[in-house]
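Read the structure below first, then the notes.
The values are calculated or read from the model by the stated rules, or taken from the named source; none is laboratory data. A quick note: this is a predicted structure, and the numbers were derived from the prediction, not measured. Quick reminder, even Gly has a Cβ in these numbers, built from the backbone with ideal geometry, and neighbours come from all protein chains shown.
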2 protein chains.
Amino acid sequence: MINKPIPEIVVGRLPQYLRSLQRMAREGRQVTSSQELGERLGISAAQIRKDLSQFGEFGKQGTGYNIPFLIEQIQKILHIHHDWDIAVVGAGDIGSAVARYKGFTDRGFMSGSSLTTIPLRSVRRWESLWCTTMRKSSKLSDNRHPGCYDRRTRLVRQEVADRLVEAGVKAILSYAPISLNVPQGVRVQYIDPSLHLQRMTYYLC
Amino acid sequence: MINKPIPEIVVGRLPQYLRSLQRMAREGRQVTSSQELGERLGISAAQIRKDLSQFGEFGKQGTGYNIPFLIEQIQKILHIHHDWDIAVVGAGDIGSAVARYKGFTDRGFMSGSSLTTIPLRSVRRWESLWCTTMRKSSKLSDNRHPGCYDRRTRLVRQEVADRLVEAGVKAILSYAPISLNVPQGVRVQYIDPSLHLQRMTYYLC
């Protein structure tokens with residue numbers, strides 16, 4: 001393990017590698033190569049080798065990567081060798097869909113009936129969490145009326161984020177189309193389909 | 001405009017800048033600075049100036065950025081000064097939520113009743129699109145039974161992507177937790193909540 005900071009873009013690719021490796025494992029595979037992984041992901045083999053080498057020595061030239069071993073190593077690097085508690089804040093269209101999402105199993109996060117969809121006072125025991133539409137989570141403010149969270153109101157969203165941070169939440173995955181201000185040490189990622197689309201239209205004519 | 005390729009990570013930040021600027025414009029603001037933009041986004045002012053300078057000269061030291069002008073310029077850079085046709089493929093939980101998503105308006109994409117949720121034969125006139133759960137879009141294969149798309153089946157997803165590419169689609173935003181193989185010239189972005197969460201757990205202990 002090297003001690004210089006790893007670029008965020010490299011860290012961001014590890015979950016993609018992991019997802020492909022887990023798929024191969026489910027197919028009963030034992031060994032793969034950076035070539036094969038690259039073909040599955042549309043990333044060059046050289047890039048994959050370079051990325052992985054920043055975290056350690058995981059394969060040998062000529063013999064490739066041992067899939068179960070590499071899965072275990074990446075899970076450790078990403079701190080998902082144990083499950084994180086997560087919670088969905090909000091029960092609108094997106095929140096409900098996310099709460100039913102099948103893609104958490106074996107990926108480091110509580111899912112199904114273990115997945116929490118509860119009010120703020122219970123937030124204290126969460127460490128990782130995401131934040132979706134707020135319409136029905138009325139207990140997050142002192143206002144008990146469902147619908148008190150206007151999805152277009154920036155201040156309300158920020159207030160909810162503030163309360164989550166106060167409660168000790170360290171990571172927020174926000175589906176709300178606003179940028180949240182959080183203190184150092186708290187991570188935020190956004191899922192905003194328009195933003196993802198705009199990243200592609202740049203390349204289209 | 002400089003002719004060397006701009007790093008993808010820089011292109012990826014432009015939509016964030018645009019979203020903040022559009023919010024300021026809605027607040028009636030005329031001028032902003034890289035400092036203010038940086039504070040709203042949690043990105044350093046220097047980074048924002050450096051990013052924007054890769055695309056041209058948009059502000060003057062001491063006077064800041066003219067918001068309507070900068071919005072227009074970024075919209076042109078991202079090719080969203082006109083609306084793109086988009087379509088939601090699939091009408092499961094996520095697909096339905098996305099079809100009702102309010103965040104497309106004024107962001108370069110058709111929304112509301114203009115947003116298409118139809119079968120493949122109409123794909124020919126689309127250029128930008130995303131691809132969600134497939135359960136009800138039975139016409140995308142020759143099998144007419146709704147539910148023929150098993151959401152866990154890799155091959156089916158890939159087959160749908162292949163058909164979309166054949167039909168001339170140039171950009172796919174996929175909510176399916178698999179990596180798609182597409183030819184050169186076709187862009188794919190993925191929205192996978194587990195993947196986004198894993199990008200954050202790396203930084204948590």
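If you check B:Ile74 against the conditions, is it in contact (Cβ under 8 Å) with a residue 60 or more places away in the chain, assigned to a helix (DSSP H, G or I) and over 22 Å from B:Pro193 (Cα atoms)?
Spelling it out, B:Ile74 is indeed in contact (Cβ under 8 Å) with a residue 60 or more places away in the chain, assigned to a helix (DSSP H, G or I) and over 22 Å from B:Pro193 (Cα atoms).
Among the residues of region A:159-205, write down those that are at the interface with chain B (Cβ under 8 Å from one of its Cβ atoms), within 17 Å of A:Trp84 (Cα to Cα) and either surrounded by fewer than 22 Cβ atoms within 10 Å (Cβ to Cβ) or of a type in the set (Val, Ile, Thr) (or both).
The answer is A:Lys170, A:Arg187, A:Val188, A:Gln189.
Would region B:32-45 turn up any residue that is assigned by TED's automatic domain parsing to the domain that holds B:Arg13, at negative phi, at pLDDT 95 or above and exposed (fewer than 14 other Cβ atoms within 10 Å of the Cβ)?
Within region B:32-45, not a single residue is assigned by TED's automatic domain parsing to the domain that holds B:Arg13, at negative phi, at pLDDT 95 or above and exposed (fewer than 14 other Cβ atoms within 10 Å of the Cβ).
Look through B:Gly90, B:Gly95, B:Gly59 and report the one residue that is surrounded by 14 or more Cβ atoms within 10 Å (Cβ to Cβ), at the interface with another protein chain (Cβ under 10 Å from one of its Cβ atoms) and modelled with pLDDT under 90.
Of the residues listed, the single one that is surrounded by 14 or more Cβ atoms within 10 Å (Cβ to Cβ), at the interface with another protein chain (Cβ under 10 Å from one of its Cβ atoms) and modelled with pLDDT under 90 is B:Gly95.
Which of the residues spanning region A:62-78 are surrounded by 16 or more Cβ atoms within 10 Å (Cβ to Cβ) and either under 22 Å from the mean Cα position of the chain (by Cα) or aliphatic (A, V, I, L, M) (or both)?
Within region A:62-78, A:Ile67, A:Leu70, A:Ile71, A:Gln73, A:Ile74, A:Gln75, A:Ile77, A:Leu78 qualify.
Select from region A:46-56 the residues that are in contact (Cβ under 8 Å) with a residue 12 or more places away in the chain and exposed (fewer than 14 other Cβ atoms within 10 Å of the Cβ) and list them in ascending order.
A:Ala46, A:Gly56
Return yes or no: is B:Gln75 among the polar types (S, T, N, Q), modelled with pLDDT of 50 or more and under 30 Å from B:Ser33 (Cβ atoms)?
yes
Do you know which of the residues in region A:183-202 that are within 14 Å of the chain's Cα centre (by Cα) and of a type in the set (D, E, K, R) is nearest to B:Leu204 (Cα to Cα)?
A:Arg187
Counting just the residues of region A:14-32 that are of a type outside the set (A, V, I, L, M) and farther than 17 Å from B:Asn181 by Cβ, which one comes out nearest to the other protein chains (Cβ to nearest Cβ)?
A:Pro15
With the condition kept exactly as written, say whether any residue in region B:37-53 is within 12 Å of chain A (Cβ to nearest Cβ) and assigned to a loop (DSSP other than H, G, I, E, B).
Checked region B:37-53: at least one residue is within 12 Å of chain A (Cβ to nearest Cβ) and assigned to a loop (DSSP other than H, G, I, E, B).
Could you please let me know if A:Arg100 is touching a helix residue (DSSP H, G or I) at 6+ places or on another chain (Cβ under 8 Å), within 27 Å of B:Asp93 (Cα to Cα), at pLDDT 80 or above and basic (Lys, Arg)?
So A:Arg100 does not fit the description; no.
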